[in-house]
Every structure is written in structure tokens, then in C-alpha cells.
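Accompanying notes for the structure given below.
The values are calculated or read from the model by the stated rules, or taken from the named source; none is laboratory data. Given the structure is predicted, the values throughout are model-derived calculations rather than measurements. Virtual Cβ from ideal backbone geometry, glycine too; neighbours counted across all protein chains shown. We work out accessible area using only protein heavy atoms, side chains counted, and drop any ligands, DNA or RNA first. Shrake-Rupley method; radii C 1.70, N 1.55, O 1.52, S 1.80 Å.
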Amino acid sequence: MADEESAHQVPEALTEEQAERILVGMNEIIRAGEEMRRLRAEMVKVFAGFGWTQERIAQLTDMSQPAVSKQMAKHRSDEPLPPMEVSLAQHDAPWLEGRLWGLAEEISETLDESAHCSRHVNALARGRKRFTPQTTDELRRLVEKDLRSYRAELSGAHQAAYDEISRGLDVPAKATDPRPASVRRSIAHQIQRDLLRG
């Protein structure tokens, strides 16, 4: 009886391992939030470079117009950048990583989350994984596996996009666009998804 009571006894404090697991999860969410805020600020600059008005940017970003105005004023003294090129035919690593991410996300959705790459894609989307040479290689292997395993369910466009991305990632070009890698990755990700959706 005494053994049974001690087995069900409520601990007086968390263990260090429990506390660490709780905080790691929180830190991931906080870090992802901070990264997204920085990315959104960079995107505001990109949109302004396309000549869009503060009002239109506010609508697109779901920010207030004063917040957009404040973001733009913060960067007013920066050297103005030329409008960003948005063609798929760019071969620097961040652009290709973004395309790979977009392709993997499309594969995951096409296969109703049963794709081998689904967990990796979800971790990237939630900020639990970051783009490094290792995570990019891992995503490439998972996408290759999906393309082999689900050939009947996936279109030739998925394979063609992967072949082009993979060749580029084998020997990526030096980035010539001065914008942050996260911005280039995000834009390439969306353009690749839109292209696959036709």
C-alpha cells in the first residue's frame, strides 16, 4: 500500500529535464515569432521597391498604415535597392532552398500530409527547423523519396522542378541580390508553389 501511494505521489517540483522541455518549446515559438517580424519588415521594403503604396502594403501585410509608415521611415536612409527579380531562373542557394521548400510543401499537400517530407516541411513552417546545408540535404532526400514512391500521384512538373532545383543546389551560384536570404527564400517558395498550381 505504501509503495502504491509513493508511485502516485505528486512531485513537489519539476525536474530539470521537464523544465527544459517546456522552455525549449516556448523558445522555439518566441524565436519563430521574432524571425517572422524581421522577415515581414524586410518584405515591406521589397513591396515598397515594387512601387506599392503604404496603404496597399498595409492591406497585404495586415498591418496598420502608421506601422507600415514607421517601418518605411526606419529604412528611408538606406541605399534604395532595385526592384527584386522574381523569375525562377536564379541559382543562388537561398533562392533554390525556397523553391525546394515550395515544392516539398506542394508534394505534402498533394499527398494529404502522408508524404515523407511532410514532417520536415511542417517543422520549417513553424520555425522548428532552419535552413542549413544539412537540413536542405535532408529535405532533398525526402523529396526524392516521395517522387520515387508516389510517382503515379505526382505530376511530371514536380519531377521537373526537382531536377532543376537539385542541379542548382549541387553547385549554387553566388548570391548577387543584397536582400536577406530569408526574404529570397520566402519569395522563391511562394513563386514555386504558384507555378506548380498552374
What do you get for Rg/Rh of region 121-198 when both radii come from the Cα atoms and Rh is the Kirkwood radius?
0.96
Counting just the Cα atoms, what span does the chain cover along each of its three principal axes? Round to the nearest Å and put the largest first.
76, 50, 29
Over region 52-156, equivalent-ellipsoid semi-axes from the Cα gyration tensor in Å
35, 16, 14
Tell me, what % of the accessible area of the chain is carbon and sulfur with a 1.4 angstrom probe?
52
Lysine pair count for the chain [Cα-Cα under 25 Å; pairs on different chains or 8 or more apart]:
5
Could you tell me how far the Cα centroid of region 94-145 sits from the Cα centroid of region 160-198, in Å?
13
If R0 is 22 Å, what FRET efficiency do you get for residue 38 and residue 134 from their C-beta distance, rounded to 0.05?
0.45
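Using a 1.4 angstrom probe, figure out how much accessible area the chain has per residue, in square angstrom, rounded to the nearest whole.
Working: 12500 Å² over 198 residues.
Here the per-residue accessible area is 63 Å².
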Listed highest first by mean packing, meaning other Cβ atoms within 10 Å per residue, what order do 40-53, 100-113, 18-31, 151-164 come in?
100-113, 40-53, 151-164, 18-31
If you plug each phi of region 142-150 into the Karplus form 6.51 cos²θ - 1.76 cosθ + 1.60 with θ = phi - 60°, what whole-Hz ³J(HN,Hα) values come out, in order, with x for Gly and Pro?
5, 5, 4, 4, 5, 5, 6, 6, 10
For residue 92, which sequence-distant residues (separation of 5 or more, or a different chain) have an amide H within less than 5 Å of its own amide H, given hydrogens modelled in the peptide plane?
173
For region 11-63, what is the convex hull volume of its Cα atoms per residue in Å³?
75
Along the Cα→Cβ direction, 7 angstrom out, place labels at residue 170 and residue 123. What is the inter-label distance in nm?
2.6
With only Lys, Arg, Asp and Glu charged, each at its Cβ (+1 for the first two, -1 for the last two), find how big the charge dipole of region 33-98 is about the Cα centre; round to the nearest 20 debye.
360
Loop-resident trypsin sites (Lys or Arg not before Pro) in region 53-148 with no more than 10 other Cβ atoms inside 10 Å, DSSP not H/G/I/E/B, are 76
Once both axes come from the Cα atoms, what is the angle between helix 16-49 and the longest principal axis of the chain, in degrees from 0 to 90, rounded to 10?
10
